[in-house]
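Q: What follows is a single structure, and I will ask about it in a moment.
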Amino acid sequence: EDQVTQSPEALRLQEGESSSLNCSYTVSGLRGLFWYRQDPGKGPEFLFTLYSAGEEKEKERLKATLTKKESFLHITAPKPEDSATYLCAVQDVGSSNTGKLIFGQGTTLQVKP
Amino acid sequence: GAVVSQHPSWVICKSGTSVKIECRSLDFQATTMFWYRQFPKQSLMLMATSNEGSKATYEQGVEKDKFLINHASLTLSTLTVTSAHPEDSSFYICSARYGTGVGEQYFGPGTRLTVT
C-alpha cells in the first residue's frame, strides 16, 4: 500500500537557522513526488515536482532533493514568512491516468524572528 | 499561470439545506479535478476525482449521494453538499490537474463550510 510519512510533525527554528524536512515514501513505482506549502485557512501552493532519484530543485531559500526512498526539503536561512505547513505527496505509476496523489501529514514550520 | 479559484470562500447554512461550491481553473484546461476535505490540523483527505464529461470516482467511505460532483466543462467542477448536517462542517479544497501524466495539481483557496 502506498504510504507517505513526514517528519518532524512540527519544527521551530530561529530566523537564519537552516534545517531540513523529511518525506519518506513507499510506492510500487514512483511517478512523481510533489512538495506544497500551505498557509492557515488557504489551499496548498505548489512548490516542486521531483521525478527521479538524484534530482534536485531550488526556489529561493528552499531546495528539494530526492532519493529512492525519501525526499528532503532543505530550508536555508529561513525567515518568519517561511512559516507554514509543508506537505509532501507522491503519485504512483498506477495512478498516472487519474493523477491521484497520496499526501503525508505535513510538517508545520514556525520561524521566530 | 495555473490559477484555480473557488467560490464561495466561506458559507454558513442551516442543517438540511444544500450548498454548492464551484471550482474553476482560470488559465488552463483541466481534464481532471479533485475534491478534498481537510479537518483542523490534519492533512488533505481526497473525496473524489472528477473527469470532464464523466461520472466522478469517489473514495471509499465518501457518500456519493451526499456529495454530488459535476465536472461540466474543462474549467469548471462543482461540489454540492446535499442535506447538510453539522458534521459536514469542514474546509473543502479543490484542485485541478495541469496536463496529463505527471501533471501537477494546482489548488484552489478552499471553502469553509459551517452547518448550523
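Values quoted throughout were computed directly from the atomic coordinates according to the rules given, and no laboratory measurement underlies them. Predicted model, so just to flag it, every value in this text is computed and none were measured. Ideal geometry is used to build each Cβ from the backbone, glycine not excepted, and the neighbour counts take in all protein chains shown.
Q: Assuming B:SER77 fulfils every condition listed in (1) away from every other protein chain (no Cβ under 14 Å); (2) touching a Ser or Thr at 6+ places or on another chain (Cβ under 6 Å) apart from one, which condition is it?
A: (1)
Q: Another one. Mind checking which pairs have a first residue in the range B:102-114 that is more than 7 Å from chain A (Cβ to nearest Cβ) and a second that is in a loop (DSSP other than H, G, I, E, B), Cβ under 8 Å, 6 or more apart or different chains?
A: B:THR111/B:PRO8; B:THR111/B:SER9; B:ARG112/A:GLY41; B:ARG112/B:SER9; B:LEU113/B:ALA84; B:LEU113/B:SER89; B:THR114/B:SER89
Q: Where residues in the range B:92-101 are out of contact with any Asp or Glu (no Cβ under 6 Å at 6 or more places or on another chain), more than 7 Å from chain A (Cβ to nearest Cβ) and not in a strand (DSSP E or B), which of them is nearest to A:GLU45 (Cα to Cα)?
A: B:GLY99
Q: Out of curiosity, is B:SER54 closer than 18 Å to B:ILE69 by Cβ, of a type in the set (S, T, N, Q) and more than 13 Å from chain A (Cβ to nearest Cβ)?
A: No: the conditions fail for B:SER54.
Q: Here's a follow-up. Can A:LYS100 be described as within 12 Å of chain B (Cβ to nearest Cβ) and among the basic types (Lys, Arg)?
A: yes
Q: Tell me which strands (runs of 3 or more DSSP E) are completely within the range A:24-85 and hold 3 or more residues being within 10 Å of chain B (Cβ to nearest Cβ) and over 22 Å from A:GLU1 (Cα atoms), or say none if there are none.
A: Answer list for the range A:24-85: A:45-50.
Q: While we're here: Those residues that are of a type outside the set (A, V, I, L, M, F, W, C) and touching an Asp or Glu at 6+ places or on another chain (Cβ under 6 Å), I need them from the range B:25-53; list them, please.
A: Hit for the range B:25-53 is B:THR31, nothing else.
Q: Filter the range B:1-59 down to the residues that are of a type in the set (Gly, Ala, Ser) and surrounded by 18 or more Cβ atoms within 10 Å (Cβ to Cβ) and list them by number.
A: Of everything in the range B:1-59, those that are of a type in the set (Gly, Ala, Ser) and surrounded by 18 or more Cβ atoms within 10 Å (Cβ to Cβ) turn out to be B:SER25, B:ALA30, B:SER43, B:ALA48, B:SER50, B:ALA56.
Q: Which residue out of A:SER24, A:SER52 is free of Cβ contacts under 8 Å to residues at least 40 places away in the same chain and over 22 Å from B:SER25 (Cα atoms)?
A: Result of the check over A:SER24, A:SER52: A:SER52.
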